[in-house]
Amino acid sequence: MRIALCSDTYHPIADGVANHLVDYKAELEKRGHSVRVYTVFSTNDGVFGLPSYRFPLYKEYKVAIPVYEMYRDLARFDPQIIHIHTPFTLGTMGYRYARKRNIPTIGTYHTDFVNMDNTIHFPFIKSILNVAFQYNMHLYAKLDLIVSPSKLVADHLRKFGRESRVVHVGIDLNKFEYSEKKEDYYFYVGRLTQDKGVKELLAAASKLPEKEFKIAGSGPLKEMVRDFAQRYKNIEYLGYVTEDEKISLLKNAKLLIAPSRAETFGVVLIEAMASGTPAIGSFETREIGILQEDYNGWFVNYGEPEGLIKKIRELDGKDMRTYSENARKSSIGYSIQSTSDRLEAIYGELIESKGR
């Protein structure tokens, strides 16, 4: 098959969707498919990058500028199916191209716009995010199929009259190194935003001077994290880390701390599980299904640093070897191979239904 993937986020952006797409493209190509990614970066063969500018409200991301050359490139590639991963410039252009040529389109709903109101500080941000959500719903309603990365998302979309198929976001588990031998630090990696629970993590860490915390990532709260790291010796801000550095940090961490309220899936949870590192997540993302209480992780209420402090102290001195093994076992079902199996079958169905 010739498969086009359209996404406003891709390598070298270090978020879950970008990492997943890199692994997914590689897996599809191993299976003999031709894959072309349409995004804001042009990093290697098989990637077409639109010109772009920094998103002024969130400078770690870019906004693609629509140019007709993308349509020319799509025509040369001649995809049999187009898979959209973000609804904005890339997703819209991919859909318009497909509609005119009767090419099947599929879209994965990755981003929870509803719960991002505290991520970006800007007047009328709730209204802006609501427009983004409504546009996402409008565009995806026109596609041949919507994919949800978890049951949590499928249930959410159903409330707005959108049915979807649940296909988890897989990763290349072989990249991650399993270890039961851990160092004595707690690790956070991801976007530095309020919806991820970063403020609560910092508040908790500042009241646990005997515990070591390592925080990696970038985002609007970067300066706040840097300020806490300067004021509290037990907090280390690592900034952006490479993939190899992240793999090592996850392997050696005592626990991953991920108290987010805005996860549609949580790729970093799978990465931690594959590394044998249990995690503390939030009850708000419990329905994703990756973490299980007192098996491979624990839950706290989002927005309550006291609950995080209590949980960390409760787990202090606990033998984590069984939890590490349970975490590794939990990751097995989320391989990039299993995700590719599901989507490969769906692509075939849709292509056949269009008579292509």
Q: Taking E271 as the residue in question, decide whether it is of a type in the set (D, E), surrounded by 22 or more Cβ atoms within 10 Å (Cβ to Cβ), in contact (Cβ under 8 Å) with a residue 60 or more places away in the chain and in the same structural domain as K181 (by TED's automatic domain parsing).
A: yes
Q. Here is a list of conditions, (1) at pLDDT below 90; (2) among the aromatic types (F, W, Y); (3) under 21 Å from the mean Cα position of the chain (by Cα), and Y109 meets all of them except one; can you say which number that is?
A. (1)
Q | Of the criteria (1) under 22 Å from A253 (Cα atoms); (2) in contact with a Lys or Arg (Cβ under 6 Å, 6 or more places away or on another chain), which one E284 fails | A | (1)
(Q) Among the residues in the range 218-231, are any touching a residue at least 24 places away in the same chain (Cβ under 8 Å), farther than 18 Å from L192 by Cβ and buried (at least 21 other Cβ atoms within 10 Å of the Cβ)? (A) no
Q: Consider A279 carefully, then state whether it is small (G, A, S), out of contact with any Leu (no Cβ under 7 Å at 6 or more places or on another chain) and either surrounded by 19 or more Cβ atoms within 10 Å (Cβ to Cβ) or farther than 19 Å from V167 by Cα (or both).
A: no
Q: Note down all Cβ pairs under 6 Å where the first residue falls in the range 188-200 and is in the same structural domain as K211 (by TED's automatic domain parsing) and over 15 Å from G281 (Cα atoms), the second is β-branched (V, I, T) and in a helix (DSSP H, G or I), and they're at least six residues apart or on different chains.
A: L192/V198; L192/V225
Q. Counting only residues that are modelled with pLDDT of 95 or more and in a loop (DSSP other than H, G, I, E, B), which one in the range 48-84 is surrounded by the most Cβ atoms within 10 Å (Cβ to Cβ)?
A. P79
Q. Limited to the range 234-275, what total is found for residues that are under 16 Å from the mean Cα position of the chain (by Cα) and assigned to a strand (DSSP E or B)?
A. 3
Q: Tell me which residues, restricted to the range 295-311, are assigned to a loop (DSSP other than H, G, I, E, B) and either within 20 Å of K199 (Cβ to Cβ) or modelled with pLDDT under 95 (or both).
A: N301, Y302, G303, E304
Q: For S324, indicate whether it is buried (at least 20 other Cβ atoms within 10 Å of the Cβ) and within 22 Å of the chain's Cα centre (by Cα).
A: no
Q. If only one of V225, V268, V169, V198 is touching a His at 6+ places or on another chain (Cβ under 6 Å) and hydrophobic (A, V, I, L, M, F, W, C), which one is it?
A. V169
Q | Boolean, E344 is modelled with pLDDT of 95 or more, in the same structural domain as H110 (by TED's automatic domain parsing) and either surrounded by fewer than 18 Cβ atoms within 10 Å (Cβ to Cβ) or not acidic (D, E) (or both) | A | yes
Q: Please give the number of the condition S164 fails out of (1) within 24 Å of L238 (Cα to Cα); (2) crowded, with 16+ Cβ neighbours inside 10 Å; (3) at pLDDT 95 or above.
A: (1)
Q | Scan of the range 6-25 for residues that are crowded, with 23+ Cβ neighbours inside 10 Å and of a type in the set (G, A, S), ordered by number | A | S7, G16
Q.
Could you list, ordered by first residue, the pairs with Cβ atoms under 6 Å in which the first is in the range 123-147 and over 21 Å from S164 (Cα atoms) and at pLDDT 65 or above and the second is assigned to a helix (DSSP H, G or I) and of a type outside the set (G, A, S), at least 6 apart or interchain?
A. L129/F113
Q. Within the range 316-329, restricting attention to residues that are out of contact with any Gly (no Cβ under 6 Å at 6 or more places or on another chain) and either outside the structural domain of E180 (by TED's automatic domain parsing) or at pLDDT 95 or above (or both), which residue is farthest from S34 (Cα to Cα)?
A. T322
Q.
Quick check on I247: is it under 18 Å from F213 (Cα atoms) and among the aliphatic types (A, V, I, L, M)?
A. yes
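The values are calculated or read from the model by the stated rules, or taken from the named source; none is laboratory data. Keep in mind that this is a model prediction, so the values were computed, not measured. Because the Cβ atoms are built from the backbone with ideal geometry, glycine has one as well, and the counts that use them run over all protein chains shown.
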